[in-house]
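Have a look at the structure below, then the notes.
Please treat every number below as a calculation from the coordinates, not as lab data. It should be emphasised that the depicted structure is a prediction, and the values quoted were computed from it without experimental measurement. FYI the Cβ positions are ideal-geometry reconstructions off the backbone, even for glycines, and counts take in every protein chain you see.
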Amino acid sequence: GPDVTDEEFKKMCEEAAEQKKEEELNAVEEAYEKKLDALEDKLRKEMNEFEKDKQELSHRRMEEVGKGVENVLGIFMGRSRTLSTSLTKRRMTSKAKTDLEASEQDVKEVEEDIKKMEEDLKEELEEVSERWEEVIDQVVEEPISPYKKNIFTELFGLVWLPYYVFEDGESW
């Protein structure tokens, strides 16, 4: 209104802009929080898979070594052994190692995605803050032309003050 000073108006604008900025920052943080939670869940699953693959590789290596020792001892004891079982154990160990490497790569990719998402969040928060800081400093005066249709009579009255004239001798 016309009774508001420029300083009061600027302060009101700053408060309104600050409130809108906080609302937008909260909205951005909530959106990224959901995405980060999903990535962290994915990371936990990949870590579990990595640990399972690690154990599987360890077990396969022990089986392979055990079968190799069993074959060597069998040869020295005079028993005939086939190498197909040893080759199968070797193939299973190799597959377990490949699975472990794939799991490790998946974990690294998810960790990189999380880092990138956190960087994107930081950049977007800075961008929102800068944009609202610029808005605070932008004050534009808009001249308003009054129209007769926009003029409203709030108070109307007619005042009558009686005026009496008396004749007092030669003077009125």
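Starting from the Cα of residue 116, draw a straight line to each of the lysines and keep only those under 30 Å, dropping any in the same chain fewer than 8 residues away.
Within reach: 20, 21, 34, 35, 42, 45, 52, 54, 97, 108.
Within 10 Å, count the other beta carbons around each residue, average over each peptide in 159-171, 98-110, and list them highest first. Each step should come with its number before you reach the end.
Details: 159-171: 5.1, 98-110: 15.5.
Final packing ranking: 98-110, 159-171.
When the distances between all Cα atoms of segment 85-155 are binned every 5 Å from zero, what whole-number percent does each bin get?
3, 11, 7, 8, 7, 6, 8, 6, 6, 6, 5, 5, 4, 4, 3, 3, 2, 2, 2, 1, 1, 0
Using just the helices of the chain, give the 222 nm mean residue ellipticity in deg cm²/dmol: DSSP H runs with n ≥ 4 each add -39,500 (n - 2.57), and the total is spread over all residues, rounded to 500.
Numbers: 2 runs with 126 residues, N = 172.
Rounded to the nearest 500, it is -28000 deg cm²/dmol.
Add +1 for every Lys or Arg and -1 for every Asp or Glu among the other residues with Cβ under 15 Å from the Cβ of residue 8, and state the total.
Here the charged neighbours net out to -3.
Using mean projected area of the Cα convex hull in nm² as the read-out, say which of [x] 21.6; [y] 13.3; [z] 10.3 was calculated from these coordinates.
The value computed from this structure is option [x].
Evaluate E = 1/(1 + (r/R0)^6) for residue 152 and residue 11, where r is the Cβ-Cβ distance and R0 equals 41 Å; express this FRET efficiency to the nearest 0.05.
Working: r = 29 Å, r/R0 = 0.71.
Efficiency computed from Cβ-Cβ geometry: 0.90.
Any chance you could list P(r) for segment 1-98, counting all Cα-Cα pairs in 5 angstrom bins from zero, rounded to whole %?
P(r) for segment 1-98, in whole percents per bin: 2, 11, 10, 9, 7, 7, 6, 5, 5, 5, 4, 4, 4, 4, 4, 3, 3, 2, 2, 1, 1, 0, 0.
Want the number for residue 94 to residue 167: 0.36 nm per residue separation, take away the alpha-carbon distance, what's left? Numbers along the way, then the final one.
Working: separation 73, 0.36 × 73 = 26.28 nm, distance 13.31 nm.
Result for the pair: 13.0 nm of gain on full extension.
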